[in-house]
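These notes are about the structure you will find just below.
Nothing in this text is a laboratory measurement; each read-out follows from the coordinates by a stated rule. Fair warning: this is a prediction, and the values are worked out from it, not measured in the lab. Glycine gets a Cβ as well: all are built from the backbone with ideal geometry, and neighbour counts include every protein chain shown.
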Amino acid sequence: MSNNIHTTFHQLLKREDKEHFLKQKACVVWLTGLSGSGKTTIAVELERKLLEAKYFSVVLDGDNIRHGINNNLGFSEADRQENIRRIAEIAKLFLNTGIITICCFVSPTKAIRQQARNIIGDKDFIEVFVDTPLEECEKRDVKGLYKKARAGEIKDFTGINQRFEIPENPNLIIQTSNKSVQVCTTELLKYLLNKIKI
Ligand code: ADP
């Protein structure tokens, strides 16, 4: 089967051509952290601020992806891996279109984040640890999932009965507990501006 696949990447316009058109350098901003840590909230605000500053970005968010392209996947180990593989491949498509791609996924293990990094490429992968303590996430309980997990209604919930492996060497750590969304997003934007300026 793979013998019959003939890719046309070499015939297409290059990423640099599109970056030039968009007046920006592309990258993948990979937000990792517990459920309720603030990944989506920061991503939404970052997208808005980027547009204000005339940068073009897209947000890929866990639930949206599981609602659509990955709606045939569950939470088994194999399905979690496939979930991330597809997400990383999608992120790479956007990256190669010159778009700043903001990904919000719990991505709880080093292996999963490494898998995404391998697909996307080391130099374009910006790992951002949204560092909010479990107690704070549980207090926020935005989606009521911690309550359900504590009641035993959700198995393998990260932070409760599945470990979150702290990123060892993230590009940036954002602590959200005692800071506003605005302050956190501005920290991230400041870090990014150097990378996305053409
Ligand atoms: P996640 O996407 O990581 O699951 P969400 O963004 O859905 O988390 O939820 C985070 C919650 O925490 C939101 O209700 C948000 O308003 C609140 N929050 C409080 N302070 C912050 C902050 N500094 N940064 C991000 N979110 C915050």
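Full-extension gain between LYS197 and HIS67, please, as 0.36 nm times their residue separation minus the C-alpha to C-alpha distance.
43.5 nm
Note down the relative contact order for the chain as a percent, whole number, built from C-alpha pairs under 8 angstrom at least six residues apart. Walk me through the numbers on the way to the answer.
Values: 285 pairs, mean separation 65.2, N = 198.
It rounds to 33 percent for the chain.
Tell me which lysines have Cα within less than 24 Å of LYS155's Cα, excluding those fewer than 8 residues away on the same chain?
Counting by Cα, and skipping residues close in sequence, LYS155 has these lysines nearby: LYS39, LYS110, LYS139, LYS143, LYS147.
Provide PHE75, PHE94 in ascending order of the number of other Cβ atoms located within 10 Å of each residue's Cβ, fewest first.
Fewest-to-most Cβ neighbours within 10 Å comes out as PHE75, PHE94.
For a test of the definition: using alpha carbon positions, the gyration tensor, and the 1.5 limit on a/c, classify the chain as rounded, prolate or oblate.
Judged from the Cα gyration tensor, the chain comes out oblate (a/c at least 1.5, b/c at or above a/b).
For SER2 and VAL44, what is the calculated FRET efficiency with R₀ set at 45 Å and r taken between the beta-carbons, to the nearest 0.05?
Taking R0 as 45 Å, the efficiency between SER2 and VAL44 is 0.70.
Quote the FRET efficiency, to the nearest 0.05, computed for LYS110 versus ARG150 with a Förster distance R0 of 25 Å and r equal to the Cβ-Cβ distance.
For LYS110 and ARG150, the calculated efficiency is 0.45.
What angle do you read, to the nearest 10 degrees and between 0 and 90, between the alpha-carbon axis of helix 110-120 and the longest principal axis of the chain?
20 degrees
Rounded to the nearest 20 Debye, what is the dipole magnitude of the chain about its Cα centre when Lys and Arg each give +1 and Asp and Glu each give -1 at the C-beta?
340 debye
Kindly identify the range 3-111 as rounded, prolate or oblate by the Cα gyration tensor criterion: order the square roots of the eigenvalues as a ≥ b ≥ c, call it rounded if a/c is under 1.5, otherwise compare a/b with b/c, prolate if a/b is larger, else oblate.
Oblate.
Using the alpha-carbon atoms, what tilt in degrees (0 to 90, nearest 10) does helix 77-95 show relative to the longest principal axis of the chain?
40 degrees
May I ask you to order 100-106, 47-53 by the average number of other C-beta atoms within 10 Å around their residues, highest value first? Each step should come with its number before you reach the end.
Numbers: 100-106: 25.4, 47-53: 14.3.
Packing proxy ranking, top to bottom: 100-106, 47-53.
If R₀ is 25 angstrom, what is the calculated FRET efficiency for the pair ASP141 and ALA78, using the beta carbon separation as r and rounding to 0.05? Numbers along the way, then the final one.
Details: r = 29 Å, r/R0 = 1.15.
My answer for the efficiency is 0.30.
Extension gain LEU13-ASN169, at 0.36 nm per residue separation less the Cα-Cα distance, in nm?
Length gained between LEU13 and ASN169: 52.8 nm.
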